[in-house]
Structure formats: C-alpha cells, structure tokens
1. Give me, ordered by chain and number, the residues 5 or more places off Glu231 or on other chains with an amide H under 5 Å from its own placed amide H.
2. Could you tell me the calculated FRET efficiency between Leu215 and Phe536, based on Cβ-Cβ distance and R0 = 60 angstrom, to the nearest 0.05?
3. With θ set to phi - 60°, apply the Karplus curve 6.51 cos²θ - 1.76 cosθ + 1.60 along the stretch 537-554 and write out the HN-Hα couplings as whole Hz, x wherever there is a Gly or Pro.
4. Fewest to most neighbouring Cβ within 10 Å: what's the order for Thr276, Thr374, Thr195?
5. Step through the residues of the stretch 374-383 one at a time and calculate ³J(HN,Hα) from phi using the Karplus curve (6.51 cos²θ - 1.76 cosθ + 1.60, θ = phi - 60°), rounding each to whole Hz and writing x for Gly and Pro.
6. According to a simple spin-label model (label point 7 Å from Cα along Cα-to-Cβ), what is the distance in nm between Ile402 and Thr479?
7. Answer with one residue from Thr461, Asn177, Ala100: the one whose Cα lies farthest towards the positive end of the charge dipole of the chain, charges on Cβ with Lys, Arg +1 and Asp, Glu -1.
8. Within the stretch 45-70, name every residue whose backbone N is under 17 Å away from a label modeled 7 Å from Cα of Ser97 along the Cβ vector.
Amino acid sequence: IHPTSAYFGVVCVYTATRSDKFWFDDIVVSGIPGTITAPASYHWKDLIINEFLADPSPRIGLPDAEYIEVFNRSADTISLENWKITDGSSRALLPASALAPGGYIILTSTEGLPAYSALGQTLGVNNFPTINNAGESLWLMDPAGHTIDSIKFDLSWYRDADKAEGGWSLELIDPSNPCGEEDNWIAAETPAGGTPGHRNSVFANKPDLIGPEWLELFPLNANEIQLTFSEKLDKNISAKYFSMSPLLEIKEVTFPDQTLRTLSVSLQDSMKRNTTYSLRIEQIRDCNQNQIIPMSRNVGSIEPADSLDVVINEILFNPRPGGVDFVEVVNASAHFIDTRNWTIATASQGPAVLSGSHRLLAPGEFAVYTSDPTAIQAQYPSAKTSVLYHITLPALSDDESIVWLRDNLGRTIDRVEYNKKWHNSFLKSQDGVSLERISVTSPTQSSSNWASASSLVGFATPGYPNSQRSLDSLVSSATVWVDPELFAPGDTHSEQATIHYQFGEAGWLVNVLVMDQQQRRIKTIAEAETIPEQGFFVWQGDRDNGTKANLGYYAVWFQAVHPNGAVRTFWCRIVVASRE
C-alpha cells in the first residue's frame, strides 16, 4: 500500500459462471500509517535441529511420541510463525510462537503436545512429519522458504546398536559446531532416553578446524559435472572459485539439493570426446568457514567401455595371515568410464558389484577391490588409500582360478585364468605376494605377461603403478642367441658355441642350462649369476660330469630375473656335430 493512498480495495471480474468461485473474508490492515515493514530475514544456522526422537518405542522414559528439538543460536528472539519442518515427503507449518536467544523448543504432533509440554516450551504441529526410524533427511525452513538447517541421519549416528533399536534420542554434541554431521551426533546418555527442552546430556566442545574434503566428481553429461564433498559447504559459492584446463568457461555453480555436500558445475561449452580436462577448485569453505586445500582433478566426457578398455592389472590371491585378497583394475583406454554396476566374479563364486553409484575411472587410473581396505593398508603401507574400495570380493583360490570383470550389461571386459605357477620360482614364499601384469597391451592370459611383485615395493602395489611397469620395453627388447647353432667340439673353426645376451640394463640374475631332447639337464652354464647389460657364455660340448655330450640336438634354456621380479625365459636350439 503506498503511503499516500487514501483507499485500499480489491477488484475482481464478476461473471455468472464464476459467481461461486471466490469470496472475501474481513481484511485487517495494521501497522503505522506511512511505514513499510520488511519481512524478517534469517541466516543459515540461526535456528538448528539440536535433538530428535525418531523411534519412541520401546519407551525408555520419554513420552510415546516423536519430537524435534530446535535451538536458537542467534542473538535475537525469533518468531516461529509460518516456519516449516519437512522430511521431503510431508511439510508442516509451525504455529505462532517466539523462541528466545539460547532457548529450546520441542516440536511434536498435536497428540504429543500434552505429554511434552511438561518438559519445556513445546509446539503441537499439525501434519508433523513422521521420522523414518532407519534414517532420512530433515529440513527447517524460514517463512520465505529458505533452508536454515538440515540434517541427513542414519542408524550409525547412534554409535550404539542397542539404542538404535528405539527409545533413545539423537543429540547434537556441540551446538557451536552445527556444521558437524555424523561426527557431531550421538545417542543420548541420560536415563530418560533424551533431554527435550534442555541442554543435551552429551555436551562437549567439538570444533571443526579442518576444511572440506573433495570426495568425488562425476560428469553428468558433456556440459555438467557433479562434485561431492565430505561435509556441508558454505552456501556462498562463486564460479570464480573453479577453472578448467584446457580452458572451458564455467557458466554457473549451484547446489542441486539441500544437503549442501554436492555441487553442480555447469560449463558454457561441451567437453570434447577423448580429452582429459583438469578441474581446479580453490577458496571453497565449509559452513564453519574452514577453507579447502586448493586441488585439481581430471575429468572428461564418459564413453561406453569396450573389451579390454579396463583390464585386470594385479591380483593378490594368497595373502599373508591376517591379510585379504584384492583385485586391481586399470583404465587402459583414452576415455573416461563409469563403472557403476560393474562386477567381479570367480570360477567358484557369483558376481560382486563394484559400485551401486556412479564411479568415474579416468584413463590410466587404478581401482582396487577388496573385502577389507584396512587390512590392505596395514600390510601394504604404500597402498593408495583413495582408490581402495570395499566390496564383497569373491574368494580367490591360492592355487588357480578364473577372475571375470564385467560391465553393467554383463559383458566380459577382461578375464584371467591365473595360476600360482606364474610366480617367480625363486620366491621362498608366495604368501602376500601379488601377481602383477607387465603390459596392459599384451594378452591378459599370457603367463609371460605376469610376474611376482618386487620385494623392493613390499611384494604388492595396490593402487599405484606395478613394479614391472618400467620393464615393458626392456623385457620386450631383451635378446638371447647362439652362434654358431651347430658346432663340433675339438674343431678349430667351431669347437664351442657362444651364447650371447643383450638386455637394456645390468643387474639381471640368470640361470642358463643345456637340455637334451627329453628336457633333462646335461650342463649348467650359469646359476643365479648377475650379468652386465650385454655379454656371453660358452659351451664346449661337455656335460656336468665332465664327459662329452653325444651328437645331436640340444636346447639352451636361458632364464633372466630382474631385481624388480620380472622374469623372461628364452629357448635356443643348438646342435652338437662331428668334425669328421
């Protein structure tokens, strides 16, 4: 109403067909003439959900009705009229009441009002939401519809399986740290089962001094990226805190839901296929104003996986006592892949789902699946913890088995039929030693493409490059040959055979034997001998017992073991002839 207006009126268009579609009640105009009163504005966390009873049965000492306790953290008395409490499926409007600074008020159903009124300031609320016993989200909104507080609880917040069965409230431990979530809530400890209307029975100083952790990112499409964080963020988020390289302009950054743990980053232009971008974030704060450590992560548009785009890269099937099996995979393709609803299965057990939610696997990125990531960390301290994932991993045989990796459509992406004989024969024990893939481009089922993990890395490399990775070109370029292949002992021109070798570096440990056609050893040329980068051995046609070898065909067996555990075996033909 304008201050100079002489009259106030309502105009409507009357027709016969609409005559019963509207009516007027008495209109009351209040306030000081000539003044305009702006609606009250509230800040995030002025009022907080401080305690609630989701499951009143069995009764411990509280009334048999659910409640939500609200605490006023602000310095002002706040009118609760037209505030809203909701669980997402139902929304209740609060009646008129005032809550003083530092005051508590119990919100409950109109049926629960008489019982709780004796415990403190109480509001009976029509359509009071029924709180899911097992957990759900709750929101407290001001009259303008702005979220002032929200929580998303589950049974783990009780930290007590017996109390989670019912009759006990959940209490906020430190109201001065309302941004703390599961770590700042616990089941009440008072014999009554809760403290509605009063300071919580568990009340302690739990300040949040650490910035938010960036947990995940996932491209919803070529123009939108979703980010997930470990805790609630400050609602004041700016696009200038984000950057993409190669350069893509950030269009806007928004919160897609009320949890404030998830951000949606919209791009002005689409990400190109088979292109890896780096998304950098900085200056983001949690709702306690702790700043995140600036960091970057790779992202790109998702492509469907083809066979061998993701390969089985490392297997631990014979763990040490107290240890557990693991299977490591790596994205061997040039594009990003979503492993949601992918599975691992063995010959003896059915599939285990890798992730029921979206999980991005970047080109060259590893993922390790195990039944107990903590056990892996304990036995392999260098394990990359951020890529260790808990699944119900099928049991892996200590001797041999088959492991399948399948996508969400059930298609086999990779398969390996491993055998303990693939391990280095010089190992004193295979316990706790993983089998590592040497090359992601060589056939999975080739035994020569697998080797025991090096002792230098603790016999396994979960989550980071295999100890064999640098040997791809080295092993493939290693050569062994015999000159001449035919020789006659005692002949001045060809009285011995020279076994030449050439490797990419020194330090290989070799065993060299001469075998007859029945693969029986007749001569030991070298045994556990360390060799230089290149060189040769000679055989003069003699046996280990000092006698001469019979005329005929023989084979040189040349086994080379690298300090990192890589094994390469060569066979060369050789003929013992007569000089006559």
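Readers should treat all values here as calculations from the given coordinates under stated rules, not as data from a laboratory. None of the values given here were measured: they were computed from a predicted structure. Using ideal geometry, Cβ is built from the backbone for each residue, glycine included, and neighbour counts are taken over all protein chains shown.
1. HN-HN under 5 Å from Glu231: Glu213.
2. Working: r = 57 Å, r/R0 = 0.95.
Efficiency at R0 = 60 Å is approximately 0.60.
3. 10, 10, 10, 9, x, 9, 9, 5, 8, x, 7, 7, 6, 5, 5, x, 8, 9
4. Details: Thr276 17, Thr374 12, Thr195 23.
The most exposed by this proxy come first: Thr374, Thr276, Thr195.
5. Each residue's phi maps through the Karplus curve to give 4, 5, 5, 4, 5, 8, 10, x, 7, 4 Hz.
6. 3.9 nm
7. After comparing all options, I get Thr461.
8. It comes to 47-54, 63-70, nothing else.
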